[in-house]
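Only one structure is covered here, and it is reproduced in the block below.
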Amino acid sequence: MNKHDPNNIERELRDFPTHKLSQSSQEKIHQNLMTSVQKVKKTKRREIVMKKVMIGTVSVAALVLFILLGVNTFFNTNQNTGEVDEEVNNPPQQEPEQQEPESSAVPEFDEEKAREIMTNYKQAFVSLTEARNSDGLITTFDSISEVHSHLSEVMSADLASRTIDSYVEEKDDGVYLIAKDAPTWLAEDTEFTVERVNDEHYKIIQERNNELIGHKELIFHSEWRDEKWIVSQIDSNNLESEEEEEELTIEEKAETIIQAIHNRNMESLAEQVHPEKGLLFSPYVFIQEDAVVFEKNQVATLLNDNEQYLWGHSDGSGEPIELTPNEYFDQFLDIEALLEPDEILVDQVKQRGNSINNLKEVFPESTVVEYYHSGTEEYDGMDWSSVNLVFEQDQNGSWKLVAIVKDQWTI
């Protein structure tokens, strides 16, 4: 029971002794007591409200604090994640490696420099000829690779390889220089021009006109490589006009071809080859149906070809003649004796040996120029030989070489 409840107080007041108090006094006392009760009751209510307010305030403060802590954690997490993402997407820049110092500037290229380069180029090859013995053995180098390194000092690796393919062969006892016409040099007594391609590439251009190479424009390419000038490539342009070619008789053309064969000057030989029919080779005057034929553009570099071809079959034994172009020239076109022939015949086909001569059957529209050597007394003339140069006219009416046919004593 609540002692401060007004109803309970009222009941207790009725039972309270009056001590003979007047009615008005009793009502006044009663009124004061009830006012006091009401004040107490209000005070209690106020305390309860204050407690509730305090609890609510604490709850709100706790909620606000929780929210603030959560937001702070969220932003901190995002910031850390962003930093990680930034590190992934934008990794730390590495300090650039220290670059090597740039090479020195390319020296000026002029006519004096061109002469120096071409002199060094020539001397590199001449040194090989000076170092060979009577058998052709190069005494200063022991291998092809050593010769290649030597030549590469003044020319490109590709040009050095092509030079070696044409002029050097390796045998069991060393490296040998092949006896043939030397490469084409810059003529010291002839004017030339220098043409710039770029700062590291120049052309040395010279016009030449002689019986050996004909009328040509020679182009020596010089490039700046590995801090030095080298000869990287050699080109040529034919400058002979049709009128100049027509001025040559077929005998003059034959003489040019004989010189080219002897000197192994395949570019000069290629200039005389028929552009459509190419050039046929036969070791005997009876031409087989499957005789070897090379196109005009192949002839210019024929001696660089290391492939073995079937040129025919040996007379008597019937053994296949399988040789590289270089080996074929050595065996069948060593024509030094024909430089001073006993006879030069034009379209006078003769049956000299046992082999049937079918030149005119194979080339009915041809003109044949034969260089003939009668042999020596030592061998009673059995070492005779001849070379038949077979010409046919091209579509412009010019006589062009279509076949080189060897003839010699056979069994």
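In terms of the mean number of neighbouring beta-carbon atoms within 10 Å, the peptides 189-201, 394-406, 132-144 order highest first as 394-406, 132-144, 189-201. Sorting the segments 149-156, 280-287 by their mean number of nearby beta carbons within 10 angstrom, highest to lowest, gives 280-287, 149-156.
Residue pairs exceeding 18 angstrom between C-alpha atoms, taken from Lys360/Lys400; Lys180/Lys253; Lys216/Lys406; Lys277/Lys400; Lys180/Lys277: Lys180/Lys253; Lys216/Lys406; Lys180/Lys277.
A simple packing score, the average count of other Cβ atoms within 10 Å per residue, orders the peptides 252-262, 230-240 as 252-262, 230-240, with the highest score first.
Values in this text are rule-based calculations from the coordinates and carry no lab data. The model shown is predicted, which means the values in this text are computed figures rather than measured ones. All Cβ positions, glycine included, derive from the backbone under ideal geometry; neighbour counts span all protein chains shown.
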